[in-house]
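A short write-up of the structure that comes next.
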Amino acid sequence: MGQGALRREGCDAQRMTDSIERARTAAKRLKVFPLPPVVLLPGSAAPLHIFEPRYREMVKDALETDGMFALAQVMPGQEALLSGAPALEEMVCIGTIGMHEAVEDGRYNLVLVGLVRARLKRELPSQRQYREFEAELVEDEDVQPGTDDALKNAVVELVARVPTEVGKRVAQVASRVSGGALADVIASTFLQDPQRRFEVLNETDVAARLAVVTEELLSLIGSIKPRKPEGLMN
């Protein structure tokens, strides 16, 4: 690896460390946006159109302070209460606002980039229209070498079965992460069902999360015919 690549990796690692520390501070009074069926995972991005007055206020406050808020899921059976204050699942993903634009009437278009899991501990009294919680970060523990080998092998098999450009993008992303982060990236790319995505978000045991995502990816691979080698005639 060249010196330039090493410097870039070092800068990326430092930026991530800084972002996690900012998220730790934000978690003391965390802005929370319940938004089923959108499940944000660390390392993924969600494009959002913010139009409700309380969440327009939330985004405005976030942009003026830490640039962060969390997406949350409501508890089963609470969906009808979404316009009020439904009970929320404890596990959320804190995201940082990336690209954003303010449009007419105070609405926003933005991209929220997932940073880290957090567990909601208690709702805080608030003078704002949106809800705020005290939360604690839930960071991945290191796993034994080789724990993610099955998922890495599944990614290699998938790359061999999908169109070349798609395969290249998947391989590039997968090559930059490992462990729980690899599971999150693959899940955010290939798991479309919100319930399954939330199961991945809610799984704090990294080995178990890797197993869940590996099983899902192998199921997907089984439904895709192997790609014909380039240059061969039909």
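The values are calculated or read from the model by the stated rules, or taken from the named source; none is laboratory data. Owing to the predicted nature of the structure, the values given are computational and were not obtained by experimental measurement. Backbone-built Cβ (ideal geometry, glycine too); neighbour counts: all protein chains shown.
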Next on the checklist: Against the conditions (1) under 24 Å from residue 192 (Cβ atoms); (2) without any contact (Cβ under 8 Å) to a residue 40 or more places away in the chain; (3) not hydroxyl-bearing (Ser, Thr, Tyr), where does residue 79 fall short? Just the number, please.
Outcome noted: (2)
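Can you pull out the residues in the stretch 66-78 that are surrounded by 12 or more Cβ atoms within 10 Å (Cβ to Cβ), assigned to a loop (DSSP other than H, G, I, E, B) and not acidic (Asp, Glu)?
From the stretch 66-78, those surrounded by 12 or more Cβ atoms within 10 Å (Cβ to Cβ) are 66-75, 78; that's our starting set.
Subset that is assigned to a loop (DSSP other than H, G, I, E, B): 66-67, 73, 75, 78.
Across the stretch 66-78, the qualifying residues are 67, 73, 75, 78.
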Checklist entry - How many residues are in contact (Cβ under 8 Å) with a residue 60 or more places away in the chain, farther than 18 Å from residue 173 by Cα and among the small types (Gly, Ala, Ser) if we restrict to the stretch 187-210? => result 1
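Which count do you get for residues in the stretch 169-189 that are under 20 Å from residue 95 (Cβ atoms), out of contact with any Gly (no Cβ under 8 Å at 6 or more places or on another chain) and part of a helix (DSSP H, G or I)? Spell out how you get there, then give the answer.
First pass over the stretch 169-189, keeping only residues under 20 Å from residue 95 (Cβ atoms): 173, 176-177, 180-189.
When the remaining residues are screened for being out of contact with any Gly (no Cβ under 8 Å at 6 or more places or on another chain), the result is 173, 176, 180, 182-183, 186-187, 189.
Narrowing the set further to residues that are part of a helix (DSSP H, G or I) leaves 173, 180, 182-183, 186-187, 189.
The number of residues fulfilling the criteria is 7.
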Checklist outcome for this item: In the stretch 79-92, anything more than 23 Å from the chain's Cα centre (by Cα) and part of a loop (DSSP other than H, G, I, E, B) is listed as 83, 84, 85
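Can residue 137 be described as within 17 Å of residue 200 (Cα to Cα), touching a helix residue (DSSP H, G or I) at 6+ places or on another chain (Cβ under 8 Å) and either assigned by TED's automatic domain parsing to the domain that holds residue 198 or not polar (S, T, N, Q) (or both)? Steps first, answer last, please.
Details: within 17 Å of residue 200 (Cα to Cα): yes; touching a helix residue (DSSP H, G or I) at 6+ places or on another chain (Cβ under 8 Å): yes; either assigned by TED's automatic domain parsing to the domain that holds residue 198 or not polar (S, T, N, Q) (or both): yes.
Here the answer is yes, as residue 137 does meet what is asked.
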Item to check | Residue in the stretch 141-152 that is touching a residue at least 60 places away in the same chain (Cβ under 8 Å), in contact with an Asp or Glu (Cβ under 9 Å, 6 or more places away or on another chain) and more than 30 Å from residue 224 (Cα to Cα) present | outcome: yes
